[in-house]
Each structure stands twice: as structure tokens, then as C-alpha cells.
1. Take the eigenvalues of the Cα gyration tensor for the range 25-158, scale each by 5, and report the square roots as semi-axes in whole Å, largest first.
2. Whole Å is fine, so just give me how far the alpha carbon centre of the range 124-141 lies from that of the range 69-116.
3. Please rank V123, V34, V50, fewest neighbouring Cβ atoms within 10 Å first, as an exposure proxy.
4. With label points built 7 Å along Cα→Cβ from the Cα atoms of S107 and E129, find their separation and express it in nm.
5. For the residue pair R94 and R53, what label-to-label distance in nm results when each label sits 7 Å from Cα along the Cα-to-beta-carbon direction?
6. Would you please state which residues of the range 75-94 a label at E137 would reach in this model, taking the label point 7 Å out along Cα→Cβ and a backbone N cut-off of under 20 Å?
7. S61 to A35: extension gain in nm, 0.36 nm per residue of separation minus the Cα-Cα distance?
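Values quoted throughout were computed directly from the atomic coordinates according to the rules given, and no laboratory measurement underlies them. Here the structure is a predicted model, which means the values were calculated and not measured. FYI the Cβ positions are ideal-geometry reconstructions off the backbone, even for glycines, and counts take in every protein chain you see.
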Amino acid sequence: MNGDDDIGEPSSPACSANEADAAYMGYASRDELVAFLNLLLEAERAGARVTLRTAIEVQESRLREIASSIHRDEAHWCAMLFDAVERLEAAPSRRVGEFYDKAMAISDVPTRLAFLNKGQAWVVKKLREMLPKVRDEELYRDLDLMLRSHERNIEMVDHSGLTKSP
């Protein structure tokens, strides 16, 4: 018997790590991702409706431009999130987040836009928390683009000089 006979097959070869369960590897599980994506979808849907109504109601052209720009962005992310949930073979939420009623209760548009920025910041925070747990490269890329887009929206509203704190 030579010394090589005692060397057996490793119990969990490193080359099989990509086959391990996502949650085991520290990534979000499918169910956790679906819940997260649906939560964001509801929030984005609320933001899209707030910005659409705001763009229609507002008279001042710069405020309308800002609301319309953010509306297009929110609608885009709604579609991306909807598709991402479907790719996970789950049902996309049809709900509108509670944010909508809260935002629309603010009649002063500059104050409403400042409140919208708080919603955008909430999405940024949630994305930063989840991104390290996203294993799927396409979903990671989409969520990272969404994060950057929301950061730009926040900056656009902050630097417009047109908003008031709620």
C-alpha cells in the first residue's frame, strides 16, 4: 500500500460550490428574493403613480419636468421588477405601496417631491442591503442600475432648489 491510497475524494469539492444552495452560500433564497422584488415593485408602482399625478397637476414647468423624468424611471423599474419576479417563476404583486396615499396627501408639490425623495432614499437603502446577497448576475446588474438611477433622482431633486422639506 502506498501513501496515495489513503487520499480519498474530498467530501465537498470546491468545484461544486456553484451547485450549493444559494442560502447556504450566504445569498438570498429564491423566496427571499421574490418577497424583496415584490416589495420594491409595490414601492415603485406607488412612486410611478405619484409622479404621474404630480406631473399632470403641477403648473410650474421645472417641477413637471422633474416629476415626468422620475415617472419614466419608476415605470421602467416597475417593468424590470415585474419581469425579474416572473423569471423566478413567481407571481408579481399587483399592489400599490402605502407610499402612494401618504405622498398624495401632501398637496404642496415641492413638499411632495421632497417626500418622494425620502421614498427614493428608502429604495436605495434596501438595494444596498440586498445587493451583496444577490447571486444571479443579471438580477444583480439590474438592481445595481436601479440603485444608481435612484441616487441620480435624489440628486436631481436635491439640486433643483424647488423642494421643501415635508
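1. 28, 14, 12
2. Here the two parts' Cα centres lie 18 Å apart.
3. With the fewest neighbours first, V123, V34, V50 line up as V34, V123, V50.
4. Distance between label points: 3.5 nm.
5. So the two model labels end up 2.0 nm from each other.
6. 84-85, 87-88
7. 5.6 nm
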